[in-house]
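Student: Take this structure, written in structure tokens, and hold onto it; I'll ask about it next.
The numbers here are math on the coordinates, done by the rules we state, and not lab data. What you are looking at is a predicted structure, and each value in this text was computed from that prediction instead of being measured. So basically every Cβ, Gly included, is an ideal-geometry build from the backbone, and we count neighbours across all protein chains shown.
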Amino acid sequence: MEERLKKIKLLLLDVDGILTDGRIIFDSNGIETKAFDVKDGHGLKLIQRAGIQVGIITGRQSPVTRIRAEELGIDLLYQGAKEKIVPYQEILRTFELSDGEVAYMGDDLVDLPILQRVGFAATVPTAVEDIKPYVHYVTTTSAGRGAVREVCDLFLKATGLWDEVTGRYFGDEA
């Protein structure tokens with residue numbers, strides 16, 4: 001698994017069921033809300049600091065997702081992707097990446113075409129059972145509750161970048 005992680009240059013994420021717990025909540029005015037975990041956000045900032053680009057491919061259109069992506073400095077945002085493989089292939093062409101240089105986290109059948117191709121595929125414990133045989137890693141942490149952070153930390157430790165990007169918190173940075 002470490003060898004796979006060392007090749008990664010881009011982490012792509014699904015939203016509902018990965019960055020969130022999968023629930024979609026509408027208030028009485030029809031306004032959608034989502035709950036994002038701050039630990040996931042910090043994990044994404046850490047791997048960005050390590051030079052890994054982050055992107056989102058989601059099947060739904062949501063202003064909340066756009067706001068969260070902007071807040072995290074994620075420019076690669078594809079919403080309304082009913083066939084997620086289409087933006088995935090566009091991303092590979094645009095950034096001249098191979099499948100082996102991409103990690104992806106998804107939790108449902110629509111994610112399977114990407115999960116089967118990437119260098120590192122991860123999911124969460126509540127993912128659809130049919131996709132689990134196709135991933136390299138199932139988090140111990142729940143979706144929307146730090147699962148993305150778990151993968152970010154795993155990457156940083158496997159690649160030896162953990163100390164470099166977290167040193168400031170431990171007082172190790174000059």
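Student: What's the exposure ranking of D75, D99, D40, D153, going from fewest to most Cβ atoms within 10 Å? Let's see the in-between values first.
Tutor: Details: D75 11, D99 14, D40 26, D153 17.
With the fewest neighbours first, D75, D99, D40, D153 line up as D75, D99, D153, D40.
Student: Tell me which residues come under 5 Å, amide H to amide H, from D21 once H is placed; ignore anything under 5 positions away on its chain.
Tutor: Correct list: A35.
Student: Quick check on segment 113-165: take the gyration tensor over C-alpha atoms, sort the square-rooted eigenvalues as a ≥ b ≥ c, and tell me if it's rounded (a/c under 1.5), prolate or oblate.
Tutor: Details: a/c = 3.10, a/b = 1.53, b/c = 2.03.
Judged from the Cα gyration tensor, segment 113-165 comes out oblate (a/c at least 1.5, b/c at or above a/b).
Student: Can you put V15, V38 in order of Cβ neighbours within 10 angstrom, beginning with the fewest?
Tutor: V38, V15
Student: Taking H placed 1.01 Å from N in the peptide plane, check which residues at least 5 places from L77 or on another chain put their amide H under 5 Å from its amide H.
Tutor: When sequence neighbours closer than 5 places are left aside, the close amide H contacts are I56.
Student: For segment 3-62 and segment 105-166, what is the separation of their C-alpha centers, rounded to whole Å?
Tutor: 11 Å
Student: What is the fewest-to-most order of E164, E70, E129 by other Cβ atoms lying within 10 Å of their Cβ?
Tutor: Details: E164 14, E70 11, E129 7.
Taking fewest neighbouring Cβ atoms as first place, the list is E129, E70, E164.
Student: So, one more: Considering only DSSP beta bridges with both partners in the chain, what is the antiparallel share in %, to the nearest 5?
Tutor: So the antiparallel bridges amount to about 10 percent of the total.
Student: Which entry in (i) 51, 33, 31; (ii) 63, 37, 28; (iii) 42, 37, 33 is this structure's computed Cα extents along the principal axes in Å?
Tutor: (i)
Student: Evaluate the relative contact order of the chain (contact order divided by residue number), counting alpha-carbon pairs under 8 angstrom at least 6 apart; express in whole percent.
Tutor: Relative CO of the chain lands at 29 percent.
Student: A further question on this structure: Can you compute the label reach from K6? Point 7 Å from Cα along the Cβ direction, backbone N cut-off under 19 Å, restricted to segment 140-167.
Tutor: Hits in segment 140-167 for K6 at 19 Å: 152-165.
Student: Run the simple label-point estimate for E71 and T140 please: 7 Å along Cα→C-beta, distance reported in nm.
Tutor: 2.8 nm
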